[in-house]
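Comments concern the structure below.
Only the coordinates and a few stated rules stand behind these numbers; no lab work does. These numbers were taken from a predicted model, which means no experiment stands behind them. Here Cβ is always computed from backbone atoms with ideal geometry, including for glycine, and neighbour counts include all displayed protein chains.
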Amino acid sequence: MTLFAKIIRREIPADIVYEDDDVLAFRDINPQAPVHVLFIPKKPFATMNELTDADAPLIGKLIVTAAKWARQQGFADDGYRVVMNCNRDGGQTVYHIHLHLLAGRALHWPPG
Ligand code: 5GP
């Protein structure tokens, strides 16, 4: 079982900021910006490579949930970045897909 599955099951503590039947969001333990939250589907997918057309509603909901939360928190007009890393070259380290939401400072482009 992955670390994030254990967070969903409350076997590992996390600073949870949002939850519904399909999505959990919690603060990254090693934040790369003043706001760094991970939005994860409760259904486990190891990487984006596992996604199929059938998963489009769930992944759409993940993104919309992050956008709604950003608006609620008040930083949406200033801006933010969402990122999903895939496998080695993408820099993925936890194999339960997650959307990083980064905000609170100007973010560089291109990323490293
Ligand atoms: P990835 O590198 O897979 O895209 O992102 C994994 C993220 O999970 C990293 O930003 C890392 O800091 C975060 N992370 C790793 N372990 C934990 C943990 O136990 N709790 C929380 N809240 N975040 C974690």
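Taking DSSP loops as anything outside H, G, I, E and B, show the longest stretch in the chain free of trypsin sites (Lys or Arg not before Pro) there with at most 16 other beta carbons within 10 Å.
Free of exposed loop sites, the longest segment is 43-104.
Under 5 Å between amide hydrogens, which residues at least 5 positions from LEU51 or on another chain qualify, with H placed 1.01 Å from N in the peptide plane?
none
In the range 44-112, what is the volume of the convex hull around the alpha carbon atoms, normalised per residue and reported in Å³?
Roughly 108 Å³ of hull volume per residue.
State the volume of the convex hull built on the alpha-carbon positions of the range 3-103, expressed per residue in Å³ and rounded to an integer.
For the range 3-103, the hull spanned by Cα atoms encloses 101 Å³ per residue.
Treat each spin label as a single point 7 Å out from the Cα along the C-beta direction, and report the MET84 to LEU51 distance in nm.
A separation of 0.2 nm, rounded to one decimal place.
What value, in deg cm²/dmol to 500, does the helix sum -39500 (n - 2.57) over DSSP H runs of n ≥ 4 give at 222 nm once divided by the residues of the chain?
After summing the helix terms and dividing by residue count, I get -7000 deg cm²/dmol.
Sequence gap at least 6, Cα distance under 8 Å: using those rules, report the relative contact order of the chain to the nearest whole percent.
30 percent
Read phi for every residue in the range 14-28 and hand back ³J(HN,Hα) as whole Hz from Karplus 6.51 cos²θ - 1.76 cosθ + 1.60, θ = phi - 60°, with x for Gly and Pro.
In residue order, the calculated couplings are 8, 8, 7, 10, 7, 8, 9, 5, 10, 10, 10, 10, 8, 6, 5 Hz.
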